[in-house]
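**Q** Structure in structure tokens, see below.
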Amino acid sequence: MTGTVSPWRIRGLEDGDIDQVVRIWEESRETDADPAAGLAEVLTAVRAGAPAVVAEVGDQVVGAAVSATAAERGWVLRLTIARPWRHHGMGSALLAALEARLAEAGVRRIGALLPRGEVGEQAFANSGYTGRPDLGYFEKVLAADSAEATILDQLGGSVPETGLWEHIAGMDAEKSLIERRLVLPLENRRTAERYRLEPPRAVVLFGPPGTGKTTFARAVASRLRWAFVEVVPHRLAADPQGVAGGLRELFSRVDHLDEVVLFFDEAEEIASERRDPTTLAHRVTNELLKLIPPFRRRDRRLLICATNAVRSLDQAFLRPGRFDYLIPVGPPDAEARRAIWTRYLGPDRAAGIDLDALVLASDRFTPADIEYAARTAAQTAFERHLAEGDGHAADPRRLTEDHLSAIAHTRPSLTEEDIRTFDQDLRNAARV
């Protein structure tokens, strides 16, 4: 099953599952040591109605997790997975589902004791349990009341604060395009269905560094009120199964979130053009190509990949069947720079400052560059106010000089070559 998103379903354990679960326990042992909870104790807990879940593929049970409770304390008695389904994220999914049921039962602290090397060690570690080096003991204090919140916490995601969309200044052309292509169809699904418009499932944002691709992705999640999970590709290498295994684990966990924007920054690191089939880069790109179609089959989820080098992405990665749009996010033009400066200056101060001079001087500045220069100028004016008092510290001419000085001491993120390359990508790659 390597290379595909595991098509299991997590549900509560039923009486008819017990024979299959016992068989998995017997066939999937990894050590000769006796488990902390014997079979009789586990079956007693199941028959007493203790929280228990199974992973099911079709009509076949391929994994299970069984617990016992006492007041606010819970124990994972057994966690087992059939051999063909290991290292696909199933253990973490079973634990998350079991935690949700234990939380509903009032449990706030969960422990597990298992022999060293037994099935489940990695799942407990990945799910935020604290282990004891001298024992196969794991414990976790629940901080959320649902499996989804637990998974989101494990992924380092969150639902962004409201208002991020409204706070984007300038970049009106990009903002309008992203709103029309992404936000509105996802916000108005029934109307979209009426006109047979399929809401987007995956898009690429491309453009030079610092132009706001991450800001737009987070703002889309804020506007939709969906969870936002940001992935930096090089961190996936920490997975025991390597980058490809990290991708499988990631998509497996995300599959259990109801509404999510999954954001890959620096996508060229995991989807570069395939040339040599013996390289790691080739295998990682293949893995991602296999993971995207199953992700697209689920509603209320959106994959956004950002890249500074769209020309280096594998052509199969950019195919319409995988990505609905390739949206350019370019450097701000003069009108956009004016709007960004106005945002950081505030409407009252902007009225007295020579905005035309600031806009002209900040050519080739990204929004991030303008933010840095505005903060530097504000620091200068603040220190002058403390040294001289309020007399002339806020004089518009001096404030203009402060900002022009800050601009002069800020190195633009964009070069002329960056802009020429983006213009070429705009002609060759954009699909909006």
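The values are calculated or read from the model by the stated rules, or taken from the named source; none is laboratory data. Not measured: the values here are computed from a predicted model. Quick reminder, even Gly has a Cβ in these numbers, built from the backbone with ideal geometry, and neighbours come from all protein chains shown.
**Q** Restricting attention to the range 302-309, does a residue exist that is modelled with pLDDT of 85 or more, under 21 Å from the mean Cα position of the chain (by Cα) and surrounded by fewer than 17 Cβ atoms within 10 Å (Cβ to Cβ)?
**A** Yes, the range 302-309 contains a residue that is modelled with pLDDT of 85 or more, under 21 Å from the mean Cα position of the chain (by Cα) and surrounded by fewer than 17 Cβ atoms within 10 Å (Cβ to Cβ).
**Q** From the list 251, 263, exactly one residue is under 24 Å from residue 315 (Cβ atoms), assigned to a helix (DSSP H, G or I), at pLDDT 85 or above and not small (Gly, Ala, Ser). Which is it?
**A** It is 251.
**Q** Of everything in the range 310-326 that's crowded, with 17+ Cβ neighbours inside 10 Å, modelled with pLDDT under 90 and charged (D, E, K, R), which residue is farthest from residue 219 (Cα to Cα)?
**A** Restricting to residues being crowded, with 17+ Cβ neighbours inside 10 Å, modelled with pLDDT under 90 and charged (D, E, K, R), the top hit is 314.
**Q** Taking the stated definitions as given, is residue 369 over 30 Å from residue 200 (Cα atoms), at pLDDT 90 or above and either crowded, with 17+ Cβ neighbours inside 10 Å or within 35 Å of the chain's Cα centre (by Cα) (or both)?
**A** Values: over 30 Å from residue 200 (Cα atoms): yes; at pLDDT 90 or above: yes; either crowded, with 17+ Cβ neighbours inside 10 Å or within 35 Å of the chain's Cα centre (by Cα) (or both): yes.
Yes: the conditions hold for residue 369.
**Q** So, one more: Select from the range 396-432 the residues that are touching a Gly at 6+ places or on another chain (Cβ under 6 Å) and part of a helix (DSSP H, G or I) and write down the one among them that is nearest to residue 381 (Cα to Cα).
**A** So in the range 396-432, the residues touching a Gly at 6+ places or on another chain (Cβ under 6 Å) come out as 396, 413, 422.
Okay, now just the ones that are also part of a helix (DSSP H, G or I), so 396, 422.
Details: 396: 11, 422: 36 Å.
Among them, the one singled out is 396.
Residue-wise test of (1) at pLDDT below 85; (2) assigned by TED's automatic domain parsing to the domain that holds residue 245; (3) farther than 15 Å from residue 256 by Cβ; (4) not basic (Lys, Arg).
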position	(1), (2), (3), (4)
91	no, no, no, yes
98	no, no, no, yes
116	yes, no, yes, no
133	yes, no, yes, yes
144	yes, no, no, yes
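**Q** Take the range 223-252 and flag every residue that is within 27 Å of residue 178 (Cα to Cα) and in contact with a Gly (Cβ under 7 Å, 6 or more places away or on another chain).
**A** Correct list: 227, 228, 229.
**Q** Has the range 211-229 got at least one residue that is more than 21 Å from residue 155 (Cα to Cα) and assigned to a strand (DSSP E or B)?
**A** Checked against the condition, which is being more than 21 Å from residue 155 (Cα to Cα) and assigned to a strand (DSSP E or B), the range 211-229 yields no hits at all.
**Q** Now a separate question. I'd like the residue in the range 403-413 that is in contact with a Lys or Arg (Cβ under 9 Å, 6 or more places away or on another chain) and surrounded by fewer than 21 Cβ atoms within 10 Å (Cβ to Cβ) and, out of all such residues, is modelled with the lowest pLDDT.
**A** The selected residue is 413.
Residue-by-condition table, conditions (1) touching a residue at least 60 places away in the same chain (Cβ under 8 Å); (2) among the charged types (D, E, K, R); (3) in contact with a helix residue (DSSP H, G or I) (Cβ under 6 Å, 6 or more places away or on another chain):
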{"site": "164", "(1), (2), (3)": "no, no, yes"}
{"site": "172", "(1), (2), (3)": "yes, yes, no"}
{"site": "177", "(1), (2), (3)": "yes, no, no"}
{"site": "183", "(1), (2), (3)": "no, no, yes"}
{"site": "193", "(1), (2), (3)": "no, yes, no"}
{"site": "201", "(1), (2), (3)": "yes, yes, yes"}
{"site": "204", "(1), (2), (3)": "yes, no, no"}
{"site": "211", "(1), (2), (3)": "yes, no, no"}
{"site": "217", "(1), (2), (3)": "yes, no, no"}
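**Q** Got a number for residues in the range 336-366 being assigned to a helix (DSSP H, G or I) and under 18 Å from residue 426 (Cβ atoms)? I'd like the intermediate steps shown before the answer.
**A** Narrowing the range 336-366 to residues assigned to a helix (DSSP H, G or I): 336-345, 347-350, 355-361.
Next, only the ones that are under 18 Å from residue 426 (Cβ atoms) stay: 336.
Selection size over the range 336-366: 1.
**Q** Tell me which residues, restricted to the range 146-158, are surrounded by fewer than 17 Cβ atoms within 10 Å (Cβ to Cβ) and either assigned to a loop (DSSP other than H, G, I, E, B) or modelled with pLDDT of 90 or more (or both).
**A** 146, 156, 158
**Q** Tell me which residues, restricted to the range 178-196, are buried (at least 18 other Cβ atoms within 10 Å of the Cβ) and farther than 16 Å from residue 300 by Cα.
**A** Scanning the range 178-196 gives a single hit, 178.
**Q** Among (1) surrounded by 15 or more Cβ atoms within 10 Å (Cβ to Cβ); (2) over 24 Å from residue 258 (Cα atoms); (3) among the polar types (S, T, N, Q), where does residue 44 come up short?
**A** Evaluating residue 44 over (1) surrounded by 15 or more Cβ atoms within 10 Å (Cβ to Cβ); (2) over 24 Å from residue 258 (Cα atoms); (3) among the polar types (S, T, N, Q) leaves (1) as the failure.
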